[in-house]
Amino acid sequence: MKIRTAGLWMILMTMHAQTPSRVAPPPPAPPRPYEFPRAVSRILPNGLRVFFVEDRRLPLVAASLQVLAGHAYAPPEKAGLASLTAALLREGTKSRSSQDIARAVDGAGGQLNATAGNDAATVTMAFMKSFASLGFELMADIVRNPVFAEEEIARQQQQTLSSLAVQYASAQYLVSAAAARAILGAHPYAYPGDGTPDTVGALSRQDLVSFYERFYAPNRAWLVIAGDLGPEEAFAYAGKWFGPWNAAGPADEPLPPAPEPQPRVLVIDMPSENQTQIAVGHAGIPRNHPDYIALQLGNQIFGGSFNSRLNMKLRANEGLTYGASSYFEPSRFAGIFEASTFTRTEKTADAIRMLVDLLKEYRENPATDEEFEEARAYLSGSFAIATETASSVAARVLAAEVNGLGSDYWQRYRQRLGSLTRADVEAAVRRFLQPDRLAITAVGDAKQFAEALAAYGPVRVIPLSELDLTAPDLVRTKR
């Protein structure tokens, strides 16, 4: 049956007129009891710190190992080295080819992965309990015995270069990568972890071997085991497979702090774009900062959900975008705070003005009672959901240990969250947020909006063809 458009419109308007006015949602329910499992620990003779969390809910065993071999330890001219090194761990060892490893993992229905982040490379495995021994054997093999075969390096490089070619055509990718440089300058966390086409293409096997031999060592690593095991069984697995790991790496030295925020505007010119990608922010906090939980709650109010102030203003009220959000990206020694959105090219200046004004208003009025209670209830309620699996429990224990949060951090997380007051959040936001010292990054058709952004600081316009995310001034050296 077809309904004429005008008739349908009248029906909808009539239904709307008869619908009661919108009522406030019910208040959040009290949080249900939940206790994060406690870990027990040992240190192996080689210096590897091992933690175990018993979880008998399912016949699964998961393990996560982090070693301080992340992006921050590769020089800018070799950006992408940490990621490529981690990716190649699975691609062949002294006793197994890449195909051998893949068949063993798939045949057991398990998972085995290796990636790199700002601070650390992470190797994870998850297997049924009946295949736990195989999982630990494979995990230890790729960590201790990678061979970095030339053919695997070439294949992985080509995959990375193909991915970067797609990313460099994406304004959404570029705004995030360029914003990190605008915010953090030359800090080790500022450079793209996946590298650039120039840096990745120039990496050699010797670069990979040297990086691996220098940084992959048990004295720079933590191992967390979680699942359907007893502690003695878990520590026996750790000792058997990782005890013989005898490499020695440099001591764990702190990285420099983030630079002080300075107002600046960076525009990456992509004339073909009919939208502008926007990122606004400044240096954030390290993960172990005492204000982290308060700022996390505050960010939930400002830009951490669909109903946040930022999204409701720019999307629901002004119709400037389909989405706007903000987040903290904390690492061990520094971090980033960023708010991002996108809009039509001709509305770029309006969207940035509203975003900056919202940040200024937010600093003065961080939370109403209703916003505070709703955000706190969400963070408290979602905490238990986010730790439903052995792998997620292992990841949280690892995060606490690597970032120096304390062994009881997750046991006390909900208690600390529940003891926060609105005044605590307001004080933390006002200590942290500096809306007059924002780094603003925009990627789009520069000629239509760049001049209008001069009120926010010195404006630099860099054509995409000249952009080099690893150069000191972000401009590609002319050959």
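The values are calculated or read from the model by the stated rules, or taken from the named source; none is laboratory data. If you're wondering where the values come from, they're calculated on a predicted model, not measured in any experiment. With ideal geometry, Cβ positions are generated from the backbone for all residues, glycine too; neighbour counts draw on all protein chains shown. Calculation scope for accessible area: heavy atoms of the full protein, side chains included, ligands and nucleic acids excluded. Shrake-Rupley method; radii C 1.70, N 1.55, O 1.52, S 1.80 Å.
Brief remarks follow.
- Residue match in region 164-172 (condition: over 30 Å from Leu44 (Cα atoms), out of contact with any strand residue (DSSP E or B) (no Cβ under 8 Å at 6 or more places or on another chain), of a type in the set (A, V, I, L, M) and buried (at least 22 other Cβ atoms within 10 Å of the Cβ)): no
- Yes/no for Gly110 being in contact with a helix residue (DSSP H, G or I) (Cβ under 8 Å, 6 or more places away or on another chain) and open to solvent by 10 Å² or more (accessible area, probe 1.4 Å): yes
- For Arg96, the conditions (1) out of contact with any helix residue (DSSP H, G or I) (no Cβ under 6 Å at 6 or more places or on another chain); (2) on the phi > 0 side of the Ramachandran plot are fulfilled apart from (2).
- Picking from residues in region 292-323 that are aliphatic (A, V, I, L, M) and without any contact (Cβ under 8 Å) to a residue 12 or more places away in the chain, the one that is surrounded by the most Cβ atoms within 10 Å (Cβ to Cβ) is Met312.
- Tally, over region 1-56, of residues that are open to solvent by 100 Å² or more (accessible area, probe 1.4 Å) and modelled with pLDDT of 90 or more: 5
- Failed item, numbered, when Ala248 is tested on (1) at pLDDT below 95; (2) open to solvent by less than 50 Å² (accessible area, probe 1.4 Å); (3) not polar (S, T, N, Q): (2)
- Taken together, Ala116, Ala108, Ala149, Ala132 contain a single residue that is under 22 Å from the mean Cα position of the chain (by Cα) and at pLDDT 95 or above, which is Ala116.
- Selection over region 128-154 of residues that are open to solvent by 20 Å² or more (accessible area, probe 1.4 Å) and in a helix (DSSP H, G or I) gives a count of 11.
- Restricting Ser176, Ser210 to those that are under 23 Å from the mean Cα position of the chain (by Cα) and open to solvent by 20 Å² or more (accessible area, probe 1.4 Å) reduces the list to Ser176.
- Residue list for region 169-211, filter: under 18 Å from Ala279 (Cα atoms) and without any contact (Cβ under 8 Å) to a residue 60 or more places away in the chain: Ala169, Ser170, Tyr173, Ala190
- Residue list for region 115-125, filter: open to solvent by less than 20 Å² (accessible area, probe 1.4 Å) and either farther than 23 Å from Leu255 by Cα or in a strand (DSSP E or B) (or both): Ala121, Val123, Met125
- Within region 229-246, residues that are of a type in the set (Phe, Trp, Tyr) sit with their Cβ atoms under 7 Å from residues that are open to solvent by 10 Å² or more (accessible area, probe 1.4 Å), at 6+ positions apart or across chains, in these pairs: Phe235/Arg42; Trp241/Glu137; Phe242/Leu44; Trp245/Asn46; Trp245/Arg144.
- Residue identified as within 19 Å of Leu65 (Cα to Cα), buried (at least 20 other Cβ atoms within 10 Å of the Cβ), out of contact with any Ser or Thr (no Cβ under 9 Å at 6 or more places or on another chain) and touching a residue at least 12 places away in the same chain (Cβ under 8 Å) among Val402, Val393, Val397: Val402
- Whether a residue is more than 30 Å from Ile440 (Cβ to Cβ), open to solvent by 20 Å² or more (accessible area, probe 1.4 Å) and at pLDDT 95 or above was assessed, and Gln157 passes this test.
- Under the condition of being among the charged types (D, E, K, R) and under 25 Å from the mean Cα position of the chain (by Cα), the residues counted in region 248-284 number 4.
- Failed item in (1) part of a helix (DSSP H, G or I); (2) polar (S, T, N, Q); (3) surrounded by 15 or more Cβ atoms within 10 Å (Cβ to Cβ), with Gln434 passing the rest: (1)
- Hits in region 87-100 - residues which are open to solvent by less than 30 Å² (accessible area, probe 1.4 Å) and either closer than 19 Å to Leu255 by Cβ or in a loop (DSSP other than H, G, I, E, B) (or both): Leu89, Gly92
- Residue list for region 214-234, restricted to those being farther than 18 Å from His71 by Cα and either in a loop (DSSP other than H, G, I, E, B) or open to solvent by less than 20 Å² (accessible area, probe 1.4 Å) (or both): Pro218, Leu223, Val224, Ile225, Ala226, Gly227, Asp228, Leu229, Gly230, Ala234
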